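Trainee: For reference, the structure I am asking about is given below.
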Amino acid sequence: MICIYIHGFLSSPASYKARATQAYLRKFHPDWQFACPALPSYPKQALTVLERIVSPWTSNECCLIGSSLGGFWANYLVEKYGFRSVLINPATVPWRFAAERVGRELKHYYSDERVWLAKHDIDFLAAHQAATKKKPNYWLLAQQGDDILDYKEAAAKFDGCKQTIMEGGSHSFENYEQWLPEIISFLTNENIT
């Protein structure tokens with residue numbers, strides 16, 4: 001089994017949740033593979049990287065954890081390939097968030113990279129909005145204290161899917177590591193539709 005952690009916009013494999021996931025799997029599931037690609041900040045390039053990584057795997061061999069924009073990409077990949085996924089404070093309409101930043105210099109959180117989004121980036125995100133048809137394949141974990149994304153949008157988009165909505169918290173999803181045993185248990189369920 002491979003677990004692919006998909007980080008958010010301007011984030012990286014050095015993020016706390018990515019490192020915590022890798023450490024947990026190394027300790028408790030050493031037979032699993034783990035991947036957290038350093039995604040380009042531009043949507044088209046990010047999806048190209050993700051497609052290249054997931055396409056060789058079947059739905060019984062691969063699972064996803066997506067955080068923020070990574071949750072948006074996980075939604076797209078679940079619907080295309082049938083993987084199971086846990087979504088952590090996922091972006092559901094990222095083109096709206098991104099449109100407010102078109103033409104502005106953005107700084108990557110973990111490097112000196114500078115990013116300038118353009119209208120074609122917004123259009124690409126909007127064009128890759130996925131439905132939520134494979135409801136048993138999703139678990140939404142959201143915290144109401146997320147000051148970047150509205151948890152209500154995620155709750156509505158993933159209505160009918162397993163959901164855990166918590167009071168408080170933040171966009172980074174506080175106490176993530178405490179959820180890892182349940183996350184991995186959900187991802188290993190063999191009943192994939």
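The values are calculated or read from the model by the stated rules, or taken from the named source; none is laboratory data. Everything numeric here is computed off the predicted structure, so don't read it as measured data. Cβ placement follows ideal geometry from the backbone for every residue including glycine, while neighbour counts extend to all protein chains displayed. For the accessible areas, the whole protein counts, side chains as well, though only heavy atoms, and no ligand, DNA or RNA atoms are used. Shrake-Rupley method; radii C 1.70, N 1.55, O 1.52, S 1.80 Å.
Trainee: Which of the residues belonging to the range 131-154 are closer than 13 Å to residue 84 by Cβ and among the aliphatic types (A, V, I, L, M)? Show your work before the answer.
Mentor: Filtering the range 131-154 down to residues closer than 13 Å to residue 84 by Cβ leaves 134-140.
Answer for the range 131-154, where residues must be closer than 13 Å to residue 84 by Cβ and among the aliphatic types (A, V, I, L, M): just 140.
Trainee: Within the range 25-50, can you find the residues that are open to solvent by 40 Å² or more (accessible area, probe 1.4 Å) and of a type outside the set (S, T, N, Q)?
Mentor: First, the residues of the range 25-50 that are open to solvent by 40 Å² or more (accessible area, probe 1.4 Å): 26-31, 33-34, 38, 40, 42, 44-45, 48.
Once the filter is applied, which keeps residues that are open to solvent by 40 Å² or more (accessible area, probe 1.4 Å) and of a type outside the set (S, T, N, Q), the range 25-50 yields 26, 27, 28, 29, 30, 31, 34, 38, 40, 42, 44.
Trainee: With (1) assigned to a helix (DSSP H, G or I); (2) under 20 Å from residue 7 (Cα atoms); (3) in contact (Cβ under 8 Å) with a residue 12 or more places away in the chain as the list, and residue 178 as the residue in question, which single condition is left unmet?
Mentor: (3) is the only condition that residue 178 fails.
Trainee: Determine whether residue 185 is of a type in the set (S, T, N, Q) and in a loop (DSSP other than H, G, I, E, B). Give the derivation first.
Mentor: On the way: of a type in the set (S, T, N, Q): yes; in a loop (DSSP other than H, G, I, E, B): no.
In short, no.
Trainee: Mind listing just one residue for me: the one in the range 53-65 that is part of a loop (DSSP other than H, G, I, E, B) and not polar (S, T, N, Q) and, of those, most open to solvent (accessible area, probe 1.4 Å)?
Mentor: If we take residues in the range 53-65 being part of a loop (DSSP other than H, G, I, E, B) and not polar (S, T, N, Q), then 56 is most open to solvent (accessible area, probe 1.4 Å).
Trainee: State the number of residues belonging to the range 152-161 that are basic (Lys, Arg) and either open to solvent by 60 Å² or more (accessible area, probe 1.4 Å) or not in a helix (DSSP H, G or I) (or both). Walk me through it before giving the result.
Mentor: Going residue by residue through the range 152-161, those that are basic (Lys, Arg) are 152, 157.
If we keep only those that are either open to solvent by 60 Å² or more (accessible area, probe 1.4 Å) or not in a helix (DSSP H, G or I) (or both) too, we end up with 152.
Residues that pass the stated criteria total 1.
Trainee: Moving on to the next point. Can you confirm whether residue 82 is touching a residue at least 40 places away in the same chain (Cβ under 8 Å) and on the phi > 0 side of the Ramachandran plot?
Mentor: On the way: touching a residue at least 40 places away in the same chain (Cβ under 8 Å): yes; on the phi > 0 side of the Ramachandran plot: yes.
So residue 82 passes the test.
Trainee: Right, another one. Identify all residues within the range 162-175 that are within 30 Å of residue 31 (Cα to Cα), touching a residue at least 12 places away in the same chain (Cβ under 8 Å) and surrounded by fewer than 18 Cβ atoms within 10 Å (Cβ to Cβ); write none if there are none.
Mentor: Taking the range 162-175 and keeping what is within 30 Å of residue 31 (Cα to Cα), we get 162-164, 172-175.
Now narrow it down to the ones that are touching a residue at least 12 places away in the same chain (Cβ under 8 Å): 162-164, 172-174.
Correct list: 162, 163, 164, 174.
Trainee: Another question, if that's okay. Mind checking which residues of the range 1-17 are crowded, with 17+ Cβ neighbours inside 10 Å and under 23 Å from residue 98 (Cα atoms)?
Mentor: Matches in the range 1-17: 5, 6, 7, 8, 9, 10, 11, 12, 15, 17.
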